[in-house]
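The values are calculated or read from the model by the stated rules, or taken from the named source; none is laboratory data. Note that the structure is predicted; figures quoted are calculated from it, not measured. Methodologically, a virtual Cβ is constructed for each residue, glycine included, from the backbone with ideal geometry; neighbour enumeration extends over all protein chains shown.
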Amino acid sequence: MKKLLILLTLTSFISKADEGMWMPQLIEALNIKDMKKNGFKLSAEQIYSINKASMKDAVAIFGGGCTGELISNKGLILTNHHCGFSSIAALSTVDKDHLKNGYWAMKANEELYCKDLTVVFIKRIEDVTTKVIANLKANYSEVQKDSAIKATIKNLEIQAKKDSQYDAFIRPFFYGNEYYLFITETFKDIRLVGTPPESIGKFGDETDNWVWPRHNADFSMFRIYANKDNKPNEYSENNVPYVPQHSFPISLKGYEKGDFTMVYGFPGRTQEYLTSYAVDLLMNQQDPIKVKLREKRLAIMEADMKFNDTIRLMYTARYAGVANYYKKWSGEMIGLKKSNAVQRKQQLEQEFLNSISGDVPKKEKYSTLLNQFKKIYLEFAPLSKQYDYFTECLWGIECFKFASTFQNLFNELKKKQVGLDNKFDKLLNDTKALIPFKNINPETDKKLCAAMLTIYAQDVESAFRPPYLDSILTTYKNDGQSVANFLYSNSNFTNNKKAKLMLDDFEKNYQLYERDPLFLLATDVLKYYQKTVIPQVNYFELQITELQKEYVKGLRENLKNKKFYPDANGTLRVAYGKVDDYSPKDAVQNLHYTTIDGLVEKNKMGIEDYYVKPRLLELYDKKDFGNYVDKNGKLRIAFIASNHTTGGNSGSPVINAKGELIGTNFDRNWEGTMSDINYNPAFCRNIVLDVRFTLWMIDKYAGAGYLLNEMKLVK
Ligand code: ARG
Ligand code: GLU
């Protein structure tokens, strides 16, 4: 009886219904039965096939960190507004502010090429575990193993790419218990087709971010261009719209609570199999430090962005990025505390050990393993703190980053002076192009510098500081403002005029600039962390990965009747679940969808984050919802479902049982942000933009209904 109970609790811990991010090529073996039981109508081969067209041909990595889906056979690709954000910002100026006003191409030649934007498709996935570990010797140390594996991976990737138009990458799964190869195709001529104004795409802005209920139309649309042979090409006027093997039909029929949903995309990172020691460090040290530092940086940026449109455009994408994870970590901290995550993990560890108690050597092995975890996290904690104060505090100062890049310029110049091959002239020109500062407002940065150094001086003891920084801080009695005053008035790197003069006579006077205090400080900081902290952090991470590898192996081997999914790692995954409401707290039930009525109500509150362009309110008054209206006469905006998603799933297609698009994934609920560490089906929800609202915006708001002609609409 006791054994049975233990088993029951354990099975509740790994992959409950709705939990899991599954590898598409294993759906047939692992999930299709369960999916069908939950309503899915298609075959596993229609999700992923190497030989035939399948859904995977319509799902792409968008811009490096998001997902996008094809919705026409002319390369039209849909993603989130926040995923297109930096490309739209780059195309915007104070006069032609596409972010603020929105943008819609009314014909092909109005589609705007987005420099540096890529879209990547997966052609094929292959298990290469045996090949990757083939050359490992039993007596290798962890570091030797790691280098050997890295070298093998590199070779395998090169071989895989050889003689083909494709790229390839290999990733570890289950902490290196398995390895998979991904063959990919990258498109580089991507053009903006349309975006709603920021006030609608980002409606609710930071107030509503990570929160349900939600009312923003978080979408933007692009088109993939290819050469005449339908192959990727650099930007060219002669390129033509890409013709994909598959694009998603779009359902106008909506959904009800309980309906099957599937999310197909590229989740970035989860850590579902952490031990209690790791969760303790995460929620009691790592998250709080990062949250505290970001809060300060955000307040400073926000104040300056409010007063000046140039500064706003300069910082807006960065601000959104910093704010996003600031809020996510805050929610995660609360969620983990509230759900007693550390105790829960401890319980699991105990239950796991109990479940193998019949096998003494095994039990001993895993008890030792768990003790090793304990020891290593104790040692790792102070190092982790140092690392976070480097990345989130000192490297949050833009001029430090900027000045440190000059090391390269000095090195190249020295090569040039002795007649060696060098890149000095090109590098100098590239740097000149950054002045006047395109990315940094020196006054804002000076405030950031003062604030960050003040916190740093309070929180980081002298013995753990880079020497030059420590001596400056000591000179100025640990007062960040005085240090910032000293740096920003004596440096050539923090002032447009001085920076320009410096670059104009750089070759002649370089020795002067090498003694610049900000340059000296930035390089001192970088060197210190690169030499003393980062290698140690890497070493610990390697050891932790090795322990995790054993731990996860133990779980998988001993809980035989359970299905395990690998943590997210930026590769293609399928999550399935259902449209569902949830209860955030006692006596409160959150409905599973929102409507435009809610947007208008929020707008009436008069809060800045709920401002919308008047045109939307005029259209609302006319109630002209066309084909996009729900059965009950309402125009829905967003809905929630129990799909297990994470960062990177933004822009992912949300698909119904018949493989038709019903929405675009864009966020998670506040109560569920801890799902990267501790998924709980009771209240972890993904947030989805209803595709009918997207179409309504394109058709009625933007007047770009011509675009609907190339889509397959299912009525
Ligand atoms: N929270 C969503 C995601 O993780 C949306 C982010 C949009 N950015 C923002 N700062 N509002 O990416
Ligand atoms: N907004 C996230 C993204 O950009 C998705 C939300 C999440 O983390 O689940 O990928």
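Can you list the helices (runs of 4 or more DSSP H) found entirely within the range 345-441 that contain at least 3 residues being of a type in the set (Gly, Ala, Ser)?
The helices (runs of 4 or more DSSP H) meeting that bar are 360-388.
Residues are listed down the side, and each one gets a yes or a no for (1) free of Cβ contacts under 8 Å to residues at least 12 places away in the same chain; (2) surrounded by fewer than 20 Cβ atoms within 10 Å (Cβ to Cβ); (3) within 15 Å of ligand 1 (Cβ to nearest atom); (4) charged (D, E, K, R):
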{"site": "175", "(1), (2), (3), (4)": "no, yes, no, no"}
{"site": "185", "(1), (2), (3), (4)": "no, yes, no, yes"}
{"site": "195", "(1), (2), (3), (4)": "no, no, yes, no"}
{"site": "200", "(1), (2), (3), (4)": "no, no, yes, no"}
{"site": "211", "(1), (2), (3), (4)": "no, yes, yes, no"}
{"site": "215", "(1), (2), (3), (4)": "no, no, yes, no"}
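Among residues belonging to the range 26-50 that are closer than 19 Å to residue 246 by Cα and over 29 Å from the mean Cα position of the chain (by Cα), point out the one that is surrounded by the most Cβ atoms within 10 Å (Cβ to Cβ).
Step by step, filter the range 26-50, then rank; the result is 42.
Within the group 253, 257, 231, which residue is part of a loop (DSSP other than H, G, I, E, B), more than 16 Å from ligand 2 (Cβ to nearest atom), within 19 Å of residue 596 (Cβ to Cβ) and charged (D, E, K, R)?
Exactly one residue qualifies, and that residue is 253.
Which of the numbered conditions does residue 264 fail, given that it passes all the others? Conditions: (1) assigned to a strand (DSSP E or B); (2) more than 16 Å from ligand 2 (Cβ to nearest atom).
(2)
Could you figure out which of (1) within 12 Å of ligand 2 (Cβ to nearest atom); (2) under 30 Å from residue 286 (Cβ atoms) isn't true of residue 671?
(1)
Looking at (1) crowded, with 20+ Cβ neighbours inside 10 Å; (2) closer than 22 Å to residue 200 by Cβ; (3) more than 16 Å from ligand 1 (Cβ to nearest atom), find the lone condition where residue 659 falls short.
(2)
Being of a type in the set (D, E, K, R), within 20 Å of the chain's Cα centre (by Cα) and either in a loop (DSSP other than H, G, I, E, B) or modelled with pLDDT of 95 or more (or both) is the requirement here; does residue 287 meet it?
yes
What residue, among those in the range 674-701 that are β-branched (Val, Ile, Thr) and within 11 Å of ligand 2 (Cβ to nearest atom), is nearest to residue 78 (Cα to Cα)?
Only one residue tops the list, namely 688.
Going through the range 98-114 one residue at a time, which ones are touching a residue at least 40 places away in the same chain (Cβ under 8 Å), of a type in the set (D, E, K, R) and out of contact with any strand residue (DSSP E or B) (no Cβ under 8 Å at 6 or more places or on another chain)?
100
Just for helices (runs of 4 or more DSSP H) wholly inside the range 485-563: which have at least 2 residues that are within 30 Å of residue 32 (Cα to Cα) and modelled with pLDDT of 95 or more?
Those helices (runs of 4 or more DSSP H) span 534-558.
Can residue 152 be described as touching a helix residue (DSSP H, G or I) at 6+ places or on another chain (Cβ under 6 Å) and in a helix (DSSP H, G or I)?
Here the answer is yes, as residue 152 does meet what is asked.
Residue-wise test of (1) of a type in the set (Gly, Ala, Ser); (2) in a loop (DSSP other than H, G, I, E, B); (3) more than 15 Å from ligand 1 (Cβ to nearest atom); (4) in contact with a Pro (Cβ under 6 Å, 6 or more places away or on another chain).
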position: 243; (1), (2), (3), (4): no, yes, yes, no
position: 274; (1), (2), (3), (4): no, yes, yes, no
position: 279; (1), (2), (3), (4): no, no, yes, no
position: 282; (1), (2), (3), (4): no, no, yes, no
position: 305; (1), (2), (3), (4): no, no, no, no
position: 320; (1), (2), (3), (4): yes, no, no, no
position: 329; (1), (2), (3), (4): no, no, no, no
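Go through (1) under 16 Å from residue 578 (Cβ atoms); (2) modelled with pLDDT of 95 or more; (3) within 16 Å of ligand 1 (Cβ to nearest atom) for residue 672 and report which single condition fails.
Only one criterion is unmet by residue 672, namely (2).
Looking at 657, 704, 641, which one is within 16 Å of ligand 2 (Cβ to nearest atom) and either in contact (Cβ under 8 Å) with a residue 40 or more places away in the chain or more than 24 Å from residue 580 (Cβ to Cβ) (or both)?
None of the others qualify; the one that does is 641.
If I ask for residues that are closer than 19 Å to residue 515 by Cβ and in contact (Cβ under 8 Å) with a residue 40 or more places away in the chain, which ones from the range 455-486 would you list?
466, 467, 468, 469, 472
Hey, among the residues in the range 573-585 that are surrounded by fewer than 23 Cβ atoms within 10 Å (Cβ to Cβ) and either assigned to a helix (DSSP H, G or I) or in contact with a helix residue (DSSP H, G or I) (Cβ under 8 Å, 6 or more places away or on another chain) (or both), which one's modelled with the highest pLDDT?
Selected residue: 582.
Which pairs have Cβ atoms under 7 Å, sit 6 or more apart or on different chains, and link a residue in the range 666-691 that is farther than 16 Å from residue 334 by Cα to one that is in a helix (DSSP H, G or I) and away from ligand 1 (no atom under 11 Å from the Cβ)?
From the range 666-691, the pairs are 685/672.
Looking only at the range 146-166, count every residue that is in contact (Cβ under 8 Å) with a residue 40 or more places away in the chain and surrounded by 15 or more Cβ atoms within 10 Å (Cβ to Cβ) and tell me the total.
2
Given the criteria at pLDDT 95 or above, in a loop (DSSP other than H, G, I, E, B), under 28 Å from residue 249 (Cα atoms) and within 16 Å of ligand 1 (Cβ to nearest atom), does residue 643 qualify?
When the stated conditions are applied, residue 643 passes them.
Matching residues to (1) surrounded by fewer than 19 Cβ atoms within 10 Å (Cβ to Cβ); (2) in contact with a strand residue (DSSP E or B) (Cβ under 8 Å, 6 or more places away or on another chain); (3) of a type in the set (D, E, K, R):
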residue: 252; (1), (2), (3): yes, yes, no
residue: 256; (1), (2), (3): yes, yes, yes
residue: 293; (1), (2), (3): no, no, no
residue: 310; (1), (2), (3): yes, no, no
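Quickly run through the range 609-639 and pick out the residues that are buried (at least 16 other Cβ atoms within 10 Å of the Cβ), part of a helix (DSSP H, G or I) and more than 32 Å from the chain's Cα centre (by Cα).
The answer is 619, 620.
Within 16 Å of ligand 2 (Cβ to nearest atom), of a type in the set (A, V, I, L, M) and in contact with a strand residue (DSSP E or B) (Cβ under 6 Å, 6 or more places away or on another chain): is that true of residue 91 in this structure?
Here the answer is no, as residue 91 does not meet what is asked.
For the range 209-219: of the residues being more than 18 Å from the chain's Cα centre (by Cα) and within 13 Å of ligand 2 (Cβ to nearest atom), which is farthest from residue 704 (Cα to Cα)?
Going through the qualifying residues, I end up with 212.
I need a count of the residues in the range 284-298 that are farther than 15 Å from residue 446 by Cβ and within 16 Å of ligand 1 (Cβ to nearest atom).
6
Just one of the numbered conditions (1) in contact with a Gly (Cβ under 6 Å, 6 or more places away or on another chain); (2) in a loop (DSSP other than H, G, I, E, B) is not true of residue 450; which one?
Tallying (1) in contact with a Gly (Cβ under 6 Å, 6 or more places away or on another chain); (2) in a loop (DSSP other than H, G, I, E, B), residue 450 fails exactly one: (2).
In the range 191-198, is there at least one residue being among the basic types (Lys, Arg), at pLDDT 95 or above and within 16 Å of ligand 2 (Cβ to nearest atom)?
no
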